[in-house]
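Working notes, structure below.
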Amino acid sequence: MMHDITTMAISVFMGFFAMMNPIANTAVFIGMTANQNQQQRKNTTIKALLTAFLIITAFCLLGKGIFEVFGITLPALRISGGILVFIVGYHMLNGRTSNLHSRATLPPDDDDIDIAISPLAIPILAGPGTIATAMNYSASGEMLHIVITIIIFAILCLITFACFLYGAKLIEKIGEAGVSITTRLMGLILTIIGTQMFIQGVHDAYILFQSAKIGS
C-alpha cells in the first residue's frame with residue numbers, strides 16, 4: 001500500500017514538474033515583471049500561484065462530477081489528456097512553445113492587464129495540459145488520490161514561488177543554455193507521460209467496451 005502511494009506521488013510530482021517547468025517559466029516571469037519592484041513581483045507571484053492552485057484543486061475535487069454531468073468516461077480523459085500532454089512535451093522537446101501552453105508576453109506599458117491571472121496563472125501555470133494531468137491522477141474519485149494530487153501540486157507551487165522570487169539569480173547561474181536543456185528534458189518527460197496516459201486510456205477503453213458487450 002505504502003509502495004503504491006509513494007509510486008503515485010512520484011509520478012504525480014514528475015508530471016506536474018515537467019508540465020509547470022518552474023525553471024523555464026522563471027525566465028518568462030522575469031521578462032514579464034521587468035518593470036516591477038521586488039514587493040510587486042512577490043505580490044504577483046502569490047496571486048498567480050494561489051489562482052493556479054485553486055483552479056487545479058477545483059478540477060481535482062469536481063472532476064468526477066464533471067464526468068457525470070457531461071457523460072465523460074475516464075478512458076476518454078486519459079486518451080485526450082495524453083494527447084494534450086504529448087503535444088506540449090513534443091513542442092518543448094523541439095525547443096518550441098505549444099499554443100496549448102502559451103507563454104505570450106504582454107505589452108510592457110499595459111498596466112490595465114493583471115498578468116498574475118493571465119497569462120501567468122492561466123495558461124502558464126494551470127493550462128489545459130496541467131489540468132488534464134491533475135484530472136488524470138484524481139478522476140478515479142478515490143479521496144486518497146485526490147489528496148495526493150492536491151498536496152503534490154501545492155509543493156510544486158512552493159517550488160515555483162521560490163524560483164520566481166530568486167529567479168534573477170537562478171537564471172544568471174544556469175544561463176540560457178541551462179534553461180534550454182531543462183526545457184527539453186521536461187519535454188521528454190512529458191512526451192513519455194502523455195504516451196503512458198494514452199496507452200492506459202486505450203487499455204481502459206477496451207476493457208470498458210468488453211464489459212459493455214458482456215453486459216448486453
Residues whose built amide H sits under 5 Å from the amide H of ASN21, excluding neighbours closer than 5 in sequence, are none
Using only the alpha carbon atoms of the chain, find the Kirkwood hydrodynamic radius as the inverse mean reciprocal pair distance, in angstroms to one decimal.
18.0 Å
222 nm mean residue ellipticity, helices alone, for the chain (DSSP H n ≥ 4; -39,500 (n - 2.57); rounded to 500)
-27000 deg cm²/dmol
I'd like the carbon and sulfur percentage of the solvent accessible area for the range 40-91, probe radius 1.4 Å, heavy atoms only, ligands and nucleic acids excluded.
73 percent
Accessible area per residue, 1.4 Å probe, Å², for the chain: what's the number?
53 Å²
Distance-filtered residues of the range 8-38 - backbone nitrogen under 18 Å, label point 7 angstrom along ILE159 Cα→Cβ
8-29
Sum up the lysine pairs in the chain that clear both bars: alpha-carbon distance under 28 Å and a spacing of 8 or more or different chains.
6
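The values are calculated or read from the model by the stated rules, or taken from the named source; none is laboratory data. From a predicted model like this one, the values you see are computed outputs, not experimental measurements. Please note: Cβ atoms are built from the backbone with ideal geometry, for glycine as well, and neighbour counts cover all protein chains shown. To get the accessible areas, we keep the full protein, side chains included, count just its heavy atoms, and leave off ligands, DNA and RNA. Shrake-Rupley method; radii C 1.70, N 1.55, O 1.52, S 1.80 Å.
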